Amino acid sequence: MQGISGFAQAFVAPRGALGQSVSKRSLKHGNIGCMLGIDDHWMREAIDAAKQAGDAGEIPIGACVVSPGGEMLAAAFNLTITNHDPTAHAEILALRSAAKTLANYRLTGATVYSTLEPCVMCAGALLNARVARLVFGAHDERFGAFATAAFSITASR
């Protein structure tokens, strides 16, 4: 599979910085640019959710979903340990909450901010929700679905 089908843009953070951008084309070719100014604000919301996860004894990962108009639809953090649920990732929980808020599973035009590169499960949910943009704060060297070689859905096959 080439590119990130369904995503207008995906953004990843460089080491030591809050974030930088990557388009479908540049992900395929390894080129990276700059994030939008507002992304810093929303990524901090995801980081706050991750801190809540850590305080609750969970893996400290947070996510939030922002509407095309700039309204936060949902924020969530990992609850896999608390809920005894391997699917209770921050991204999944945030998508579920945002979909309930809109009374629609399609989150067309929305941006998802996650503190960690989403896994394959979460990437599938993001695609099914028709999310327009993804911004994540750090690569997941083990299970990342976008930029990590082992699972990359952007890699040429």
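Of the residues making up the stretch 105-127, those that are part of a loop (DSSP other than H, G, I, E, B) and open to solvent by 70 Å² or more (accessible area, probe 1.4 Å) are Tyr105, Arg106, Thr108.
Of all residues in the stretch 41-65, exactly one satisfies the criterion of being of a type in the set (A, V, I, L, M, F, W, C) and farther than 17 Å from Glu117 by Cα, namely Ala56.
One line per residue, one yes/no per condition, for (1) under 20 Å from Glu45 (Cβ atoms); (2) at pLDDT below 95:
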{"site": "Ile61", "(1), (2)": "yes, no"}
{"site": "Thr82", "(1), (2)": "no, no"}
{"site": "Ser97", "(1), (2)": "yes, no"}
{"site": "Leu102", "(1), (2)": "yes, no"}
{"site": "Leu126", "(1), (2)": "yes, yes"}
{"site": "Glu141", "(1), (2)": "no, yes"}
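Contact map, the stretch 43-71: residues that are under 23 Å from Ala110 (Cα atoms) paired with residues that are buried (at least 16 other Cβ atoms within 10 Å of the Cβ) and among the basic types (Lys, Arg), Cβ distance under 9 Å, separation 6+ or inter-chain. Pairs shown: Val66/Arg133. When the stretch 66-97 is limited to residues that are acidic (Asp, Glu) and assigned to a loop (DSSP other than H, G, I, E, B), the one that is least open to solvent (accessible area, probe 1.4 Å) turns out to be Asp85.
The values are calculated or read from the model by the stated rules, or taken from the named source; none is laboratory data. Bear in mind that the values here come from a model prediction, so they are computed numbers and not experimental data. Ideal geometry is used to build each Cβ from the backbone, glycine not excepted, and the neighbour counts take in all protein chains shown. Quick note on the areas: whole protein, heavy atoms, side chains included, nothing else; ligands and nucleic acids left out. Shrake-Rupley method; radii C 1.70, N 1.55, O 1.52, S 1.80 Å.
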